[in-house]
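Colleague: What follows is a single structure, and I will ask about it in a moment.
The values are calculated or read from the model by the stated rules, or taken from the named source; none is laboratory data. Keep in mind that this is a model prediction, so the values were computed, not measured. A quick note on method: Cβ atoms are made from the backbone with ideal geometry, for glycine too, and the neighbour counts reach across all protein chains shown. Please note that ligands, DNA and RNA were not included when accessible areas were found on the heavy atoms of the full protein model with its side chains. Shrake-Rupley method; radii C 1.70, N 1.55, O 1.52, S 1.80 Å.
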Amino acid sequence: MAELLTPDICVIGAGSGGLSVAAAAAAFGVPVVLIEKGKMGGDCLNYGCVPSKALLAAAKRAEAFRRAAPFGIAAQRPGVDFARVHAHVHGVIAAIAPNHSRERFTGLGVRVIEGAARFKDRHTIAVGDGFEIKARRFVVATGSVPAPPPIPGLEQTDYLTNETIFELSKTPEHLIVVGAGPIGLEMAQAHRRLGAEVTVLEAATPLANDDPECAAIVLDRLTREGIVIRTGVRIVRVAPGVKIRVVLETPAGEETIEGSHLLIAAGRRPNLEGLDLEAAGIKHGPRGIIVNKGLRTRNRKVYAIGDVAGGLQFTHVANYHAGLVIRNALFRLPARANDDVIPWVTFTVPELAQVGLTEAAARERHRTIRVLRWPYHENDRAQTERETHGHIKVVTAKNGRILGATIVGAHAGELITTWALAISQGLKIRALTGIIVPYPTFAEVGKRAAITFYTNSLTSPFVRRIIAFLRRFG
């Protein structure tokens, strides 16, 4: 007979969002059950953010050898031992894993159950034949999984996804990447810098969710590093063999590209498999579980957070959602998700970071906007580091309220945080002109852009008359 558990909160999924809910609830002394059928830490730790950034870090070191000459150091071709790169990536995962482990969360007071969860009814979850959980609130945090496009021949081909590419221990001879979103381009640049030939195929627009002007700077850099990026392509079929053959439709007829490895980085789908959401009265669609602004499903006892809730698919979004659920479920405080305050970063070189509205989105929502810019080449720290390609682009309303910011360049992912804070607090651009920024730092780029909001006042006849009047008094 199944053991009955009656916690306050039951969390399904031990990825970033689920772990955050479980840890926070346990810290407040609330009984929590956490269910996970796979690896603790979920996609981010095991297949996503952590291994990809570790691989990019190795690739950055390799590229530093090639680009040392301007610093007075002899440039040379790096000797890449891909097996040791593989060991580095998995060593980083192993170093972080204890923070996500069953042992740690058990120590925090969380009851961790290994197994697949499914809803029996609106109030009950079953885990195999061993457990039934009747909780006051449920949180579905099962994330997303790769969604390969319907390409003929793909199912018969040994292709890679983000869940398998980090198992490679030998440099691919020629990596073909399908999809020019953040994952596809990050992996393209990492493998190119580590010695692979790389071709990227994109049916639509690369980095389509980002500001196109800033995205173009990233794409130009990748192209100059030797990555072939083909856009607007239609893949007719894939043929396996000693070489993987990808057949494209072109105006001149069919064209075949041969590669040693194929990475599918074109889309993901919510991980709803086996949950039996219908039994709980939870509505869902192709993009995921349908929730309101408070992240509640149609079953008011159940919340959904992170990728499975159908919004922006980033680890920090799942953590943000976790905080909102804790406020609502434990303290009954109103909490509504606001995507306009969520930053995101593509960790290529240069990095591309965004928060709030892009210029195009701002023009759709607001009658009048101001666009402020400042280039990296006007920044002294950027000159010392020889990281002069890039700029910041800030969008404000007519009254100076900050609507969005895009940064393309070195450390963009770190610099965007200031602008995320400004937008979340509803600040006007004046607040950014008044901060004292250490010299020399890349952060000065943001302040200099903010100051340009007032450039027109320098030549204002009214302002000049005031100054002239005040001069009369000494």
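Colleague: For LEU372, only one of the following conditions fails: (1) surrounded by fewer than 20 Cβ atoms within 10 Å (Cβ to Cβ); (2) over 23 Å from ALA318 (Cβ atoms); (3) at pLDDT 95 or above. What is its number?
Modeller: (1)
Colleague: For the range 348-429, which fully contained strands (runs of 3 or more DSSP E) count at least 1 residues that are more than 24 Å from the chain's Cα centre (by Cα)?
Modeller: Numbers: elements: 351-356, 369-375, 391-397, 402-409.
Ranges flagged: 369-375, 391-397.
Yes/no per residue for (1) more than 19 Å from the chain's Cα centre (by Cα); (2) open to solvent by 10 Å² or more (accessible area, probe 1.4 Å):
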| position | (1), (2) |
| --- | --- |
| SER16 | no, yes |
| VAL21 | yes, no |
| PHE28 | yes, yes |
| PRO31 | yes, yes |
| ILE35 | yes, no |
| MET40 | yes, yes |
| ASN46 | no, yes |
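Colleague: Residues of the range 183-215 being under 25 Å from ILE342 (Cα atoms) and open to solvent by 50 Å² or more (accessible area, probe 1.4 Å), which ones?
Modeller: ILE183, ALA204, THR205, ALA208, ASN209, PRO212, GLU213
Colleague: I've got another one for you. Identify, from the list THR161, THR171, THR157, the residue that is over 17 Å from PRO51 (Cα atoms), surrounded by 15 or more Cβ atoms within 10 Å (Cβ to Cβ) and among the polar types (S, T, N, Q). I'd like the intermediate steps shown before the answer.
Modeller: Numbers: THR161 fails: over 17 Å from PRO51 (Cα atoms); THR171 fails: over 17 Å from PRO51 (Cα atoms).
The conditions single out THR157.
Colleague: For the range 246-342, list the strands (runs of 3 or more DSSP E) that sit wholly inside it and hold at least 2 residues that are farther than 18 Å from VAL145 by Cα and open to solvent by less than 30 Å² (accessible area, probe 1.4 Å); which are they? So that I can check it myself, show each step before the final result.
Modeller: Values: elements: 253-259, 261-264, 268-270, 302-304.
Passing ranges, in order: 253-259, 302-304.
Colleague: Additional query: Got a number for residues in the range 364-400 being among the small types (Gly, Ala, Ser) and within 15 Å of ILE423 (Cβ to Cβ)?
Modeller: Our first condition is that a residue be among the small types (Gly, Ala, Ser); within the range 364-400, this holds for 382, 390, 397, 400.
Then keep just the ones that are within 15 Å of ILE423 (Cβ to Cβ); that gives 397, 400.
The qualifying residues number 2.
For every residue, the table says whether it meets (1) modelled with pLDDT of 95 or more; (2) among the aliphatic types (A, V, I, L, M); (3) touching a Lys or Arg at 6+ places or on another chain (Cβ under 8 Å).
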position: VAL238; (1), (2), (3): yes, yes, yes
position: VAL242; (1), (2), (3): no, yes, no
position: ALA252; (1), (2), (3): no, yes, no
position: ILE264; (1), (2), (3): yes, yes, no
position: ARG268; (1), (2), (3): no, no, no
position: ASN271; (1), (2), (3): yes, no, no
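Colleague: What number of residues within the range 430-451 are part of a helix (DSSP H, G or I), of a type in the set (A, V, I, L, M) and within 26 Å of ALA57 (Cα to Cα)?
Modeller: So the first thing to find is which residues in the range 430-451 are part of a helix (DSSP H, G or I), and the list is 430-433, 444-451.
Next, only the ones that are of a type in the set (A, V, I, L, M) stay: 431-432, 445, 449-451.
Now restrict to residues that are within 26 Å of ALA57 (Cα to Cα): 445.
Summing the residues that are part of a helix (DSSP H, G or I), of a type in the set (A, V, I, L, M) and within 26 Å of ALA57 (Cα to Cα) in the range 430-451 gives 1.
Residues checked against (1) in contact (Cβ under 8 Å) with a residue 12 or more places away in the chain; (2) farther than 30 Å from VAL395 by Cα:
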| residue | (1), (2) |
| --- | --- |
| GLY259 | yes, yes |
| HIS284 | yes, yes |
| TYR320 | yes, no |
| PHE331 | no, yes |
| ARG336 | yes, no |
| ILE342 | yes, no |
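Colleague: Out of HIS90, HIS86, HIS100, which single residue is at pLDDT 95 or above and touching a Ser or Thr at 6+ places or on another chain (Cβ under 6 Å)? Talk me through it step by step, then tell me what you get.
Modeller: Numbers: HIS90 fails: touching a Ser or Thr at 6+ places or on another chain (Cβ under 6 Å); HIS100 fails: touching a Ser or Thr at 6+ places or on another chain (Cβ under 6 Å).
Checking each option against the conditions leaves just HIS86.
Colleague: While we're on this one: Considering each residue of the range 20-39, count those that are in contact with a helix residue (DSSP H, G or I) (Cβ under 6 Å, 6 or more places away or on another chain), within 20 Å of ALA309 (Cα to Cα) and not small (Gly, Ala, Ser), and give that number.
Modeller: 2
Colleague: Just to verify a result, which residue in the range 56-104, among those that are open to solvent by 90 Å² or more (accessible area, probe 1.4 Å) and of a type in the set (A, V, I, L, M, F, W, C), is nearest to GLY13 (Cα to Cα)?
Modeller: Selected residue: PHE65.
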